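The next block holds one structure in the form of structure tokens; read it before the comments.
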Amino acid sequence: MFSWVKQEQGGRNKDGEMYQTVTEGLQSLYTKKLLPLEETYLFHDFHSPALEAADFQSKPMVLLVGQYSTGKTTFIRYLLEQDFPGMRIGPEPTTDGFIAVMHGENEGVVPGNALVVDPKKPFRKLNAFGNSFLNRFICSQMPNQVLQSISIIDTPGILSGEKQRISRGYDFAEVLRWFGERVDRIILLFDAHKLDISDEFSEAIKAFKGQDDKIRVVLNKADQVDTQQLMRVYGALMWSLGKVINTPEVVRVYLGSFWAKPLQNTENRRLFEAESQDLFRDIQSLPRNAALRKLNDLIKRARLAKVHAYIISYLKKEMPSLFGREKKKEELIMRLPEIYTTLQREHHISPGDFPNVAKMQDMLQHYDFSKFPSLKMKLIESVDKMLATKIAVLMAMIREEESKQPPAMVSGGAFEGSQDGPFGQGYGEGISAGADTEDWIVSRDKHRYDEIFYTLMPVNGKITGVNAKKEMMNSRLPNTVLGKIWKLADCDRDGMLDDEEFALAQHLIKIKLEGYELPTELPDHLVPPQRWGDSEVVSSVI
């Protein structure tokens, strides 16, 4: 049992609170500390609906966004390695709505109107977007091992050209913003032949402002261009993204071809395999980091709720008691940027914590400022206390839970296909080359290494460390790397190298120059034949 307070009074703190898990603690803190502040200052009308139990207890979610025919639905099928109910794939805009692909014992589709009344699903607040949206929202349920750990949200293909002017009947950008606040990962998919960012796509990306840490970019169908074209495509994509995602950091872009069909150009096969494994590791880490992500999102929400309370109470304070309310309201809306600056200085708030001023000005037009509540410091202090003390204790609980439970990982589907066996990443390459052969792999090039060895004036069949150093430094590797190679190659630890040890050192240098990492200890298949069966050979730990 976990407790985030001193074990006094039978494991309860002075408020009588005790939590079994981090998720339970987050839900309780939100309900008791943050929700009263949000309700008092109309936070849900201006920013985001209230959180419910399902928002804290749901599996991590991955949101896929991209223009039509970039492979979003195919990407999901690639991960699951099977079709899912409601799936349609084609070169034209086929997915015309949102599909939440989730785990279920029975395969089937749940329509949007039924989905938003299910208290076990984290979609109840989507009811606010009306029937135009709900008629285009379904939940696809199926028994799949991947979906036991994560849920995946497929979105409509974003339109370009004249088609983007056709109204969808609901606020597409606002729906994306709602999902962006609640998902754990946002994947933007691009096609190697479709790099233009339309107005609608630009608005969609801007809807994720404040969620930059969740965004990943996938350049799909990268096998359809050769290496030279791929370099140009990658550069063009980074240039296009730089105009939309206004952050000093470069967004992470994964290259690959995420479907099960043969590669059209195989010259970049190793690159695609490495990139796909990096992306898989990122997705697999989501369940392990789910509690931390929810904690982080709760902190961001609490900071925004505090700032909102200061803004609303300030507008209330500035309103006249009787006459000239409408005129004063217009004046305050016009002065909102100045009000932001005043509140920054008065309450020591970072400018980045304030909501978008233009959007706030537009929304304030519809409210009577005289009915806003005054500042209640007790509510603010309660949230401050939560941020200062109780959040820190939940952080410690996260580490405690991780130490007592095996790390959760996404498994099944495409995540199982290339982990082990000869098709695993790096199998038979670099340091593992020769692991499944009977001969000592170093012997294949030993005749060349011997020619160098005998020019270094060996004495009694060995060369000194000084002479070995001169030759090894010709590789131009840093001394720190060469020092590790020496420790691995000098099997008998005598400070000298015989012909086999020298050949081993040259082999390790070759591996490093080819871009592979060195092991922390010498693998059995690289031990020189003269040392086979020698119990005194000890693996060198770096």
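The values are calculated or read from the model by the stated rules, or taken from the named source; none is laboratory data. This is a predicted model, so every value here is computed, not measured. So basically every Cβ, Gly included, is an ideal-geometry build from the backbone, and we count neighbours across all protein chains shown. Accessible surface areas use protein heavy atoms only, side chains included; no ligands, DNA or RNA. Shrake-Rupley method; radii C 1.70, N 1.55, O 1.52, S 1.80 Å.
Worth a mention:
- Test: residue in region 75-87 that is among the β-branched types (Val, Ile, Thr) and open to solvent by 20 Å² or more (accessible area, probe 1.4 Å): no
- Evaluation of residue 360 against the conditions (1) open to solvent by less than 40 Å² (accessible area, probe 1.4 Å); (2) in a helix (DSSP H, G or I); (3) more than 24 Å from residue 208 (Cβ to Cβ) shows that the sole unmet condition is (3).
- Counting residues in region 341-350 that are in a helix (DSSP H, G or I) and of a type in the set (Gly, Ala, Ser) gives zero.
- Residue match in region 19-28 (condition: open to solvent by less than 40 Å² (accessible area, probe 1.4 Å), in contact with a Gly (Cβ under 9 Å, 6 or more places away or on another chain) and touching a residue at least 40 places away in the same chain (Cβ under 8 Å)): yes
- Screening 322, 315, 304 for residues that are under 26 Å from residue 36 (Cα atoms) and open to solvent by 30 Å² or more (accessible area, probe 1.4 Å) leaves exactly one candidate, 304.
- Residue 439 being in the same structural domain as residue 508 (by the TED database), among the acidic types (Asp, Glu) and at pLDDT 90 or above: no
- Residue within region 19-31 that is farther than 24 Å from residue 290 by Cα, modelled with pLDDT of 90 or more and β-branched (Val, Ile, Thr) present: no
- Within region 439-457, residues that are closer than 21 Å to residue 524 by Cα and in contact (Cβ under 8 Å) with a residue 60 or more places away in the chain sit with their Cβ atoms under 9 Å from residues that are among the charged types (D, E, K, R) and open to solvent by 50 Å² or more (accessible area, probe 1.4 Å), at 6+ positions apart or across chains, in these pairs: 445/510.
- Checking 188, 230 one by one, the residue that is crowded, with 20+ Cβ neighbours inside 10 Å, in contact with a strand residue (DSSP E or B) (Cβ under 7 Å, 6 or more places away or on another chain) and not small (Gly, Ala, Ser) is 188 and no other.
- Helices (runs of 4 or more DSSP H) within region 440-520 that include 1 or more residues open to solvent by 20 Å² or more (accessible area, probe 1.4 Å), among the polar types (S, T, N, Q) and within 25 Å of residue 274 (Cβ to Cβ): 479-489
- Of everything listed in (1) surrounded by 16 or more Cβ atoms within 10 Å (Cβ to Cβ); (2) farther than 21 Å from residue 350 by Cα, the single unmet condition for residue 309 is (2).
- When 288, 270, 216 are screened for being open to solvent by 60 Å² or more (accessible area, probe 1.4 Å) and under 22 Å from the mean Cα position of the chain (by Cα), only 288 passes.
- Here residue 237 fulfils each of the conditions (1) farther than 30 Å from residue 387 by Cβ; (2) of a type in the set (A, V, I, L, M); (3) open to solvent by 40 Å² or more (accessible area, probe 1.4 Å) apart from (3).
- No other residue among 357, 393, 383 is touching a Pro at 6+ places or on another chain (Cβ under 8 Å) and among the β-branched types (Val, Ile, Thr) apart from 357.
- Just one of the listed residues (190, 201, 208, 258) is more than 19 Å from the chain's Cα centre (by Cα), among the aromatic types (Phe, Trp, Tyr) and not assigned by the TED database to the domain that holds residue 299, namely 201.
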